[in-house]
Every structure is written in C-alpha cells, then in structure tokens.
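Below you'll find the structure, written out as structure tokens, and then a few comments.
The values are calculated or read from the model by the stated rules, or taken from the named source; none is laboratory data. Since the structure is predicted, the reported quantities are computational estimates derived from the model, not experimental observations. Neighbour counts run over all protein chains shown; Cβ positions are idealised from the backbone, glycine included.
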Amino acid sequence: MLRLWALGLLLLTPLAAGPREVVNALLADPSVRKALDFIQANEPAMIEQQIALTELPAPPFAEQARGLAYKKLFEERGLRDVRIDEAGNVIGERPGRFAGPRVAFTAHLDTVFPAETEVKVRREGTMLHAPGIGDDGRGLAVVLAVIEALGHAGIETDGPITFVGTVGEEGLGDLRGVKHLFETELAGKIDRFVSVDGTRYGITDAGVGSYRYRVTFSGPGGHSYGSFGMTNPIHAMGRLIAKIADFEVPAEPKTTFSVGRVGGGTSVNSIAYEAWFEVDMRSPDKDSLETVHGKFQSAARAALAEEKARWADRGGLAMDLERVGFRPAGANPAGSAVVEAAVEATRALGLEADLRAGSTDANVGMAAGVPSITIGGGGSGEGAHSPGESFDTTDSWKGSQRALLVALALASRLE
Ligand SMILES: [Zn+2]
C-alpha cells in the first residue's frame, strides 16, 4: 500500500536520499546551522532545566509530579495537543509539512530511586551530582533542547514529530509507558522511534529482551526436629536454583540467567513455611530468550515434583511463578537507514559512533517492527542507578546537537 506520506514526498520533493546524503544536506542548510548554534549557546539554560527536572522526584510508579512539570514545559515550547495519557506518558505534537514519516522522540520520566531519596543536585564546576541526573534527567533536557532549537530556527520538518516523556522505563516499570504508546492511540502510527536515555554518545540499535520471575514455594512449615519428614520450601527452592545454575545458553547471541535475590525462612530450627527468589533471563534474540524461558518453566515443575516425591508430599508444597517483568527482544533490520542516519549524525559532529545492544524503551518499537534506536544524551555520566550518580557537563551540548540531527534526519525523506 502506498502510504500517504510517501505520496506527498513523491509529489513535492525529489528522490529520497540515503543516510549520508540526508545528514550532509542537513549540515549545509542555514536554518539547521542556526539551530545547531543555538543549541550550543542555549546549553547553560538546558543544564538548569536538567537540574530542575532531576530535583522533582519520579520514583517507579510515581512519575506524576515530574510528568505535570514536563507537560507544562511542552506547552511553553509551543507543542500542540499536549496531553497525559492513561499510563501517565506526556505527549506533545509538532506537525510536519507532510503526514509522515512520523517520528516519536522520547525520554523517560522515571528513575529507579524510592520516594525518600534525596534528589537535590550538588554542583562542583562542570560536575553535577544527584541520583537520576544523567538517567534520565539528561534525556529529558535533550528532548526540550531539540524542541527549542527547532522553534528558534523556524524549522519545518517533512514528517511530524511526536515528543514524549514516558513512564515506567526502569526495572519493574517494565517499559509500561512505551508499551502503552504502541498499544493505544499511537499504535500503527509511529514510523520511527528514538529514545534519548542517559549520557555519552552511544547508539543502542538492538534490544535485549528479558523475562523476570518471582518464584515462591510455600508449605505448612514446622519444627526442624519435631516436624522432620515433610516437604521443605527452602529445599525446593534450592533444587530449582541448582537447576537454573546449570542451564546451558548460547554465548552468541549472548543469553544469560541470574538469580538476583533470595529470601524466606524464620529461624535455623524451623522448616520454613515460605521461600522465594527472583530470577532474570535475557537475550537480544527472541528464540534464545524463549528457549531459556522454556528451560526455566520445566526446571520449576521438576524441582517441585522432586521435593514432593522426596517426602511423599507430606505437608504439601505449593509453587507460584509470578512473572514480574517481560521486555521483548528486538533488532533493527541489517543496514537500517535509521541506525545509519544516527551513525552519520554522530560522526558528522566528530564523535565516535558506538553501536550496542541494550534494554530500553526502544525494545518495544523494535519488537513492533518500527525502526527504533536509543541514543545517549551527551556529556559523560558515572554511577547510573546509584545514589552517587554524577554528570559531567563538559561539551554536553554535542549530545543535544546530535539529537537534533537525528530527529531531523528521521523526520525527512530518509530511506
Ligand atoms: Zn534510562
């Protein structure tokens, strides 16, 4: 089917162009130069914005305060139809000359830190210290810098850009904001997806998928001596962890498993009534991820059966497999123009283009078959996800410039 935007391009602009031509054409365009210069001059104000957003706590599942502030920032910068969807994503539109390609240009609102975390930013020369200052205070600021630069230079892109602050990117948030975007009002309407996440200049072009489970074994429990001879939830858990520890997985595509937390029991002289653990399995390859997931499911059934059989099921034993996370694995097609455009934009600014696999909002786009990347927001960061996180602002404007070029290239007749 000939898409509407393709029709518009055929009528109104010459041939579509490859990534390098598109980026070169952008760099030769005076209005783009104006926007790039503005970004550099405007960086101190954007750093202030990054600090202000970081100081608004946005714990997992409680991003509302930061979301409301972000909505206001979208409105002040002239985006249209600014709204907050049912998931809590903040969405604003910047129309293009044509109906497409439509680019979603995003950063995540949430942090990994609980509500009581001190988020006041401490500044020392070029260094900023605060939990969340880079991940993703930086991405949120870069998205605003792109919107401001487009407005300042009066640039009209070919396709529209939908700017989004997403919720639930981190941990048990499980990409719920971006999943919601791709399932509801924007389903089938996004042609290209970009997330600006964290610092430096990397380009994530493959999505590491994951399954995460919390496994609980439970029984009546009892005295270690007096009740001896009954099923033991901790022993059952031990059986399952031992099986997981022996899983064979491919080195390429890198597929992994890890039991990250364990708990249970009440005292050394008791048969526990409950034991639990959390396991994480990952792969950038869908089939390898499903294979390790299948091994886990059968190992769990076997461990339960073995512990029951050991004691003729005296006492009884129950097992609960609670899935606490699923991130789809995904990749861009080889030679993807979107990935190449990001590489060209990065090199054009004299930066190194480092491609990698990661677990980010872009996973969901890739899994939906939409060309999707995650790019770093520039500067350099240390200690993401730790209370000691820091961000070095030295030359960080290059991150915003790169983001602008990526946004412009993707909203153009790139192919
Ligand atoms: Zn992040």
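Considering the range 182-223, and only residues there that are in contact (Cβ under 8 Å) with a residue 40 or more places away in the chain and of a type in the set (A, V, I, L, M), the residue that is farthest from the ligand (Cβ to nearest atom) turns out to be VAL215.
Every residue, every condition in (1) part of a helix (DSSP H, G or I); (2) touching a residue at least 12 places away in the same chain (Cβ under 8 Å); (3) in the same structural domain as VAL178 (by TED's automatic domain parsing), yes or no:
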{"residue": "ALA342", "(1), (2), (3)": "yes, yes, yes"}
{"residue": "ALA345", "(1), (2), (3)": "yes, yes, yes"}
{"residue": "ALA353", "(1), (2), (3)": "no, yes, yes"}
{"residue": "GLY369", "(1), (2), (3)": "no, no, yes"}
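Filtering the range 369-392 down to residues that are buried (at least 22 other Cβ atoms within 10 Å of the Cβ) and over 16 Å from the mean Cα position of the chain (by Cα), which residue is nearest to PRO60 (Cα to Cα)? Only one residue tops the list, namely GLU389. Scanning the range 103-114 for residues that are more than 15 Å from the ligand (Cβ to nearest atom) and either touching a Lys or Arg at 6+ places or on another chain (Cβ under 6 Å) or free of Cβ contacts under 8 Å to residues at least 12 places away in the same chain (or both) yields a single hit, VAL103. Residues in the range 164-174 that are within 11 Å of the ligand (Cβ to nearest atom) and modelled with pLDDT of 95 or more were compared, and the one that is nearest to the chain's Cα centre (by Cα) is GLU169.
With respect to being in a loop (DSSP other than H, G, I, E, B) and within 16 Å of the ligand (Cβ to nearest atom), ALA384 fits the description.
Within the range 371-383, the set of residues being in contact with a Pro (Cβ under 9 Å, 6 or more places away or on another chain) and either touching a residue at least 24 places away in the same chain (Cβ under 8 Å) or aromatic (Phe, Trp, Tyr) (or both) comprises just one member, PRO371.
The residue that is surrounded by the most Cβ atoms within 10 Å (Cβ to Cβ), among those in the range 115-163 that are over 20 Å from GLN64 (Cβ atoms), away from the ligand (no atom under 16 Å from the Cβ) and small (Gly, Ala, Ser), is ALA145. Step by step: first the residues of the range 263-305, then only those that are more than 26 Å from the chain's Cα centre (by Cα) and part of a strand (DSSP E or B), then the one that is surrounded by the most Cβ atoms within 10 Å (Cβ to Cβ). Which residue is that? The qualifying residue surrounded by the most Cβ atoms within 10 Å (Cβ to Cβ) is ILE271. Among the residues of the range 54-84, those identified as more than 18 Å from the chain's Cα centre (by Cα), of a type outside the set (Lys, Arg) and not in a helix (DSSP H, G or I) are GLU55, LEU56, PRO57, GLY78, LEU79, ASP81, VAL82, ILE84.
When LEU7 is tested against (1) modelled with pLDDT under 95; (2) part of a loop (DSSP other than H, G, I, E, B); (3) of a type outside the set (Phe, Trp, Tyr), just one condition goes unmet, and that condition is (2). Of the set (1) away from the ligand (no atom under 16 Å from the Cβ); (2) under 29 Å from PHE38 (Cβ atoms); (3) buried (at least 24 other Cβ atoms within 10 Å of the Cβ); (4) hydrophobic (A, V, I, L, M, F, W, C), all apply to MET366 but (2).
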